Structures are given as structure tokens and as C-alpha cells.
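One structure is given here, and the rest of the page talks about it.
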């Protein structure tokens, strides 16, 4: 669907700038100096996995990264033919479906690797260098030596837990990874460790592939790193306008009370669409409406959000921008996340299925 800022959409929606997505990916590839494995799990962080992959195809990434078998199958159904790496630990009961959809699993123990190699194609070995959730520990890699001396052993990777911070842990994890790879029966063709932050920080983390995620979708990847070009704009229409007198409350719980006579505009978006219920309780949250930043007030409800527009003229049907650019300004994903008390990734992946996506 095409871009929709001036359209007639009834309630709320997401505008997606695919050109910005491609520009962010191209920037990562330039800085890292190696091929991309874009992470498109969780519906490409809420952007739309099929649309994101098709937009990225001209950059010729090595393949795409997903979390689940179902996500990979969706991409195959959309005629995405490049390799698709499934990051959740592979299980034997899923092997038939993985083979059917030509998906590459992440494996981390000898019995599972042997079972996969009996009748299937390539796999990637996950090495746990400090994340502590899946994969073989870096200091126990010798136990897998016999299982890894097979042609299906295509790749090897690890997950950094704090690449967004410059606290020395990423260097330590990378050193553990290099140490573990040195003890393998052979070096596989593909080594990859870098998420967005690591890929943008230093080429020493690039190896054969980098795995950008939040930066592709316009997020800030970490301390000292610039956010990507804005990809997502979250918008909603004004569905009602009413005057509220001084001393009157707004929304459930009556947590917000007007200090003066004012005008409240009600937006057609709520926590069922991915907003945080307490967004209006901090006193800091703003949305952009008719070129003015207006505070969110009271509790966000399931389907509706109220904003204080003061004496500004507002009409039913006017479009508010909660995240993104609009005439008169911009609300960044980073600041909206700070107001929400959430990670940027949480907000993007939490954009609900009721919100249609429109691409330009």
C-alpha cells in the first residue's frame, strides 16, 4: 500500500519509508565492509518482513535472519529465495518443516547436530560467549569436535549481550568466540557476531557477515552511535474533540485533572495497538498535531488516547503523529521510547496487527 499521511484512513496506521530502510542497510554495509544478514524477525521489528526483504533485495544480502520456523516459511511463501537463518535453537521435531521450507537452523549440541546432518542441509553453530541462554559454551567447544567435521557445517555465530554499551564485555565475548573457533575441526565459511551496534562500532566485529536489526528500522543502536534514518511513522486521527473545565478529570482512574479550562482531543489509538498504558502519566509524552507538540494526558485506554491541545483549533479527522516526521516537526523513536519506559525494539515489535502498514 502507498504512503498515507493525507489519506482517509479511519483510525490509526503506520507509514513505512522503505527508501530509508535501504539507506540504513547500505550504511551498515559500508561501515562494516562485509555482507549483510539483515534481521527481519518479529515481522521485521513490526515494519513488515516481506516488504522489508523485498526492499533489501537489490543490496544482495547473504540472506535473512528470523526467530521462528513460521517466520521463515512466510518469507518462502513470498518467494524470498536467499538463505534464511532461524535463530531459535533447532529441535528435531521441527527438522521436517525446516527442510521443507529450506531453512537453516541454529544448533548447539552434538546429538541435535548429528540428527540434522543425517538427512538435511547447512546449519550454523551457536556459541554462547556470555549471553547465557542457548548454544554451546565457548569453553566446552571441544565436546562437539566429532559432530562438526561435516560438510553441512556452514556457519558459526555468537550473540553479544551489551554491544550497545562500551563497557569491555563485547571485546571479551569476541575474544572468547575467536578462541572457540580456533579449536573447531575447521573454520566454517561464515562467521558472524555483530548486531547493529557492533557492526557500526568497529570492523573487527564484522567477520564474514553482520546482522543489523534495530538500526535498519530507524532506531538508535547504542551509546555514542547515531540512530538510523527514520523508517516508521506512527499516526492516528482525532476522533473526538471536547472542552474540559478546570478540576475535571480525563480517563480511567482520574489520574489527570485539568488545571484550567482546556480542549481534549481523543485519538483513535490505544494500548491494544502497542502504546504503553501509563504513557500519559509522566507529564513528558508528546504527540505532534497541526505542527504543535501536545501532551498525552491520563491513562491510555485500549482503543483511545487523549491529548491536551489547549486553545489550538482542532477538528475531527486531523492527523496526529506519535512517532516520525510530519509538517512542523518530528518525534523520534528514541524519545518516544524514553517517554514509554521501553526499549525502541519493544515499541516497534509491539505495534499491533490492527495497524495497517503503508509503504512508500
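Observations on the structure shown:
- Fewest-first ranking of 45, 252, using other Cβ atoms within 10 Å as the exposure measure: 252, 45
- Extending 7 Å from the Cα toward the beta-carbon at both residue 226 and residue 152 defines two label points whose distance is 4.5 nm.
- Label-point separation in nm, residue 91 to residue 31, each point 7 Å along Cα→Cβ: 3.7 nm
- Residues in region 9-51 reached by a label modelled at residue 60 [backbone nitrogen below 20 Å; 7 Å Cα→Cβ]: 22-39
- Full-stretch length increase - residue 101, residue 302 - with 0.36 nm per residue and alpha-carbon distance subtracted: 68.6 nm
- Calculated [222 nm] ellipticity per residue, helices only, for the chain: -6500 deg cm²/dmol; basis is -39500 (n - 2.57) per DSSP H run with n ≥ 4, divided by all residues, nearest 500.
- Net lengthening on full extension, residue 292/residue 70 (0.36 nm per residue, minus Cα-Cα): 75.7 nm
- Only one of (i) 22.0; (ii) 27.1; (iii) 24.0 was calculated from the structure for Kirkwood radius over Cα pairs in Å, and its label is (i).
- For the pair residue 79 and residue 277, the difference between a 0.36 nm per residue extended length and the Cα-Cα distance amounts to 67.4 nm.
- Region 199-268-region 284-308 distance, computed between alpha-carbon centres (Å): 11 Å
- 193, 316 arranged by Cβ crowding within 10 Å, fewest neighbours leading: 316, 193
- Beta bridge orientation in the chain: antiparallel %, DSSP, nearest 5: 55 percent
- Between residue 260 and residue 19, the C-beta separation translates, for a Förster distance of 41 Å, into a calculated FRET efficiency of about 0.40.
- FRET efficiency for the pair residue 245 and residue 133, taken as 1/(1 + (r/R0)^6) with r the Cβ-Cβ distance and R0 = 45 Å, rounds to 0.25.
- Cα-based helix-to-principal-axis angle, 18-32 vs the chain, degrees rounded to 10: 40 degrees
- Projected label distance in nm at residue 252 and residue 330, using a 7 Å step from Cα toward the beta-carbon: 3.5 nm
- As a rough guide to protection, the peptides 92-102, 226-236, 293-303 ranked by mean Cβ packing within 10 Å, highest first, stand as 226-236, 293-303, 92-102.
No value in this document is a laboratory result; all are computed from the given coordinates. Note that the coordinates shown come from a computational prediction; the quantities given were computed from them, not determined experimentally. Because the Cβ atoms are built from the backbone with ideal geometry, glycine has one as well, and the counts that use them run over all protein chains shown.
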